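Everything below concerns the one structure shown next.
Read-outs throughout are calculated quantities, based only on the coordinates presented, and are distinct from any laboratory measurement. These numbers come from a predicted model, not from an experiment. As a convention, Cβ positions derive from the backbone with ideal geometry for all residues, glycine included, and neighbour counts pool all protein chains shown.
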Amino acid sequence: MIEVAVIGAGAFGREHARVYSEIAGAHLAAVCDIDEQRGRAVAERYGARFVSNYRELIGTVRAASIATPTASHGSVACELLAAGTAVLVEKPIARTLAEADHIIEEARRANAVLQVGHLERFNPAVISASRLLTRPLFFEAHRLSVFTPRSLDIDVVMDLMIHDLDVILSFVDSEVREVRAAGVPILTPHIDIANARIEFANGCIANLTASRVSAERVRKLRFFQPGQYISIDYAVQEAAVVGVRARTGGRPEFESSLLDVEHGEPLRLEIESFLAAIEGAEVKVKGEDGRRALELAVGVTDRIREHAQRAGVALSR
């Protein structure tokens, strides 16, 4: 039984607490939040103790999920890792690349497990589609959400687009060569809708759109590779493939089918993977993976700021 804590009792933290309380191999020992009323409510719901300061957890739990605002990921993760506590830190791994480097180095120094919460890596549809990867040439991603008053400390690139950036990086075995992007604030001082075009050194292109001011909720990724087109619907956990089969003396024949997908809750699969890593299994989404996604997201944001400056649009930092 692995003693665990959840730090941050907001929307994501509550879900982490729920999953830990349901998994036989874990014991949710504590919930931490600076908002006592919110933290106590989550702790009492799942039979855990409440603490207001995460430092009280050091030496009392073996692992912790960090679901605090991004600005605090660096300080909280580093202190826990330095004490040997295994850490699952929500995405993005940190606010800056320097903070991400510090987290990764602290995990290495303490020989502590560090996993980054890029949830879509554990989406069963993504796992199924990944088995068909050969040489992806073009990606198209759409991630649209209705406006909610959460994660407003970061822009839509760090909030939503980074999910698809991470999946695409895991699919493409090549370095990024060029990033172009544009975006605007709509309901917040930060970027609320963004589009990015990413070119990899091997010629692969990715075109991504993310919005948190949409009238509908869309979570889709499509990619093309020689002889195949594969479509992933994250929300319903479906993946479809369209292939081309040559026919002698006639037009090519198109074949389409749904892939076999073993449905499951991505967060539960992510946390089960984290707990398995604590017991010696491989970490599925390492700190370096989280850093790479953050680096690309920063690149997208930088290009958006350059575009906004040319257009005379003010963006908050």
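Taking 7 Å steps out from each Cα toward its Cβ at Phe138 and Tyr229 produces label points 0.9 nm apart.
What does the charge count around Ala201 come to, taking other residues whose C-beta lies under 11 Å from its C-beta (Lys +1, Arg +1, Asp -1, Glu -1)? Local charge sum for Ala201: -3.
For Asn53 and Glu306, the difference between the fully extended length at 0.36 nm per residue and the C-alpha to C-alpha distance is 87.1 nm. Average 1/r across all pairs of distinct alpha carbons in the stretch 246-317, invert it, and you get the Kirkwood radius: 17.6 Å. In plain terms, if you count all Cα to Cα distances in the chain and split them into 20 Å steps from zero, the share in each step is 31, 56, 12, 1 percent. Taking the longest Cα principal axis of the chain as reference, the axis of helix 162-171 is set at about 60 degrees. The residue list Ala98, Ile168, His263 was ranked by how far each Cα lies along the charge dipole of the chain toward its positive end, using unit charges on Cβ atoms, and Ile168 comes out on top. Residue separation of Arg247 and Ser21 scaled by 0.36 nm, minus their Cα-Cα distance, works out to 75.8 nm of gained length. Each principal axis of the Cα atoms in the stretch 2-112 has its own extent, and those three values, largest first, are 37, 25, 22 angstrom. Within the stretch 119-273, the ratio Rg/Rh, alpha carbon atoms throughout and Rh by Kirkwood, equals 1.01.
Residue farthest toward the positive end of the dipole of the chain, with Cβ of Lys/Arg at +1 and Asp/Glu at -1: which of Gly47, Phe200, Val283? Sorting the options by dipole projection puts first Phe200.
Go ahead and set up a Gaussian network model of the chain, Cα springs under 10 Å, then flag whichever of Ile127, Ile230, Ile154 fluctuates most. Of Ile127, Ile230, Ile154, the Gaussian network model singles out Ile127 as fluctuating most. Can you tell me the 0 to 90 degree angle between the C-alpha axis of helix 36-45 and the longest principal axis of the chain, rounded to 10? Tilt of helix 36-45: around 80 degrees.
Would you tally the net charge around Arg40, using a Cβ to Cβ cut-off of less than 10 Å, leaving Arg40 out, and scoring K and R as +1, D and E as -1? Residues close to Arg40 contribute a combined charge of -1. Each part reduced to its alpha carbon centroid, the stretch 22-62 and the stretch 80-140 end up 23 Å apart. Could you state the angle between the C-alpha long axis of helix 97-110 and the longest principal axis of the C-alpha atoms of the chain, as a value from 0 to 90 degrees rounded to the nearest 10? In the chain, helix 97-110 runs at an angle near 60 degrees to the longest axis.
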